[in-house]
Amino acid sequence: MDFISARPRMLLELVPFEQFVSESSRWRLFERVHTIEQQLSCNFIAFSGVHPIYLRPIAAVPSLLSEFPPTMAPTKHIETLTLEAAKVAVAACEEKARSMGLVMNIAVVDAATHLLHFSRMDGAKITSISIAIDKAFTAAGHRVGTHTYKEAVWPGGAAFGIWNSNGNRFMTIGGGLPIAGKRGEILGAIGCSTGTPAQDQEVAQAGVDAVQKLLQGTTSRSKL
C-alpha cells in the first residue's frame, strides 16, 4: 500500500484505526485529524477500505486517542448450565445416593448462582433443603468445593467467620461442588445435603461427572 507524507522528516507511526476507536467515532475522528492537519500543516493520509488506516505524528498519539475511547463490547457471553443438564445431574446424584443407601436434598444452580433445579428425595431432611441450596450457591459463586474450607474456618483460621458473609449463605461444609466447562469456566454447581459431608460430596461428584460426560464424553473430576 502506497502512502505519501508531506513531512518526510517527521517521525510518523502507522496505526490500525479499528484498534482504537469504535465505529460511531469514525467521522468525529476524521474531523479531528483534519483539524490537526491544518494546525501542523502536514498530511494525515487516510487509506480507503473497510478498516481505514491513518498516519500521524507519534507526539499526537496520546492527545488524539484520549478523545476517542477504546472499542469495547458492551456485553459478554457467559456459558451456563441448562435445565436439561441440571436434570441429568440430579438424576445421577439420586442414583448414586440410592446405591449408597441414602436419601438426599440435591440442588443445582447456574453460573450466576441462581437455583436451576432441585430434588428432595423421599425421607431427606427438611432442615437440609436450604443447606443443599446454599452449598451449590457457595460452590458456584466462590468457584471451589465447599469442603476446601474445612481447615481454614476454625478460630484463628484464615477463613474464620466467612460463613457470616453473603447473608449467612456461605457454606463451609463438604457437599457443594462447582461444575467447570471445557475452558475451566464455572457453568454452575451442585449442592447435596442429608448425609455426612463426605457422603454429600460423593453424591454431588456423581452429578458433576454426569454433566462432564455431556460436555466432553468422558468422566472428569470436579474443579475442587
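Values quoted throughout were computed directly from the atomic coordinates according to the rules given, and no laboratory measurement underlies them. All values reported here derive from a predicted model rather than from experimental measurement. Note that we place each Cβ from the backbone using ideal geometry, even for glycine, and neighbour counts take in every protein chain shown.
In this structure the amide hydrogen of ILE186, modeled in the peptide plane, comes within under 5 Å of the amide hydrogens of GLY181, none closer than 5 places in sequence on its chain. With a threshold of 25 Å on the Cα-Cα distance, the over-threshold entries among LYS76/LYS182; LYS150/LYS213; LYS96/LYS213 are LYS150/LYS213. For the peptides 205-212, 188-195, 170-177, the ranking by packing is 188-195, 170-177, 205-212, with the highest mean count of neighbouring Cβ atoms within 10 Å listed first.
Once the Cα-Cα distance is subtracted from the 0.36 nm per residue extended length, the LEU115 to ALA73 segment shows a gain of 12.3 nm. Looking at the stretch 104-224, what % of the alpha carbon pairs are farther apart than 19 Å? Distances greater than 19 Å cover 41 percent of the Cα pairs.
If we count other beta carbons within 10 Å of each Cβ, what is the order of ASP200, ASP122, fewest first?
Fewest to most other Cβ atoms nearby, the residues stand as ASP122, ASP200.
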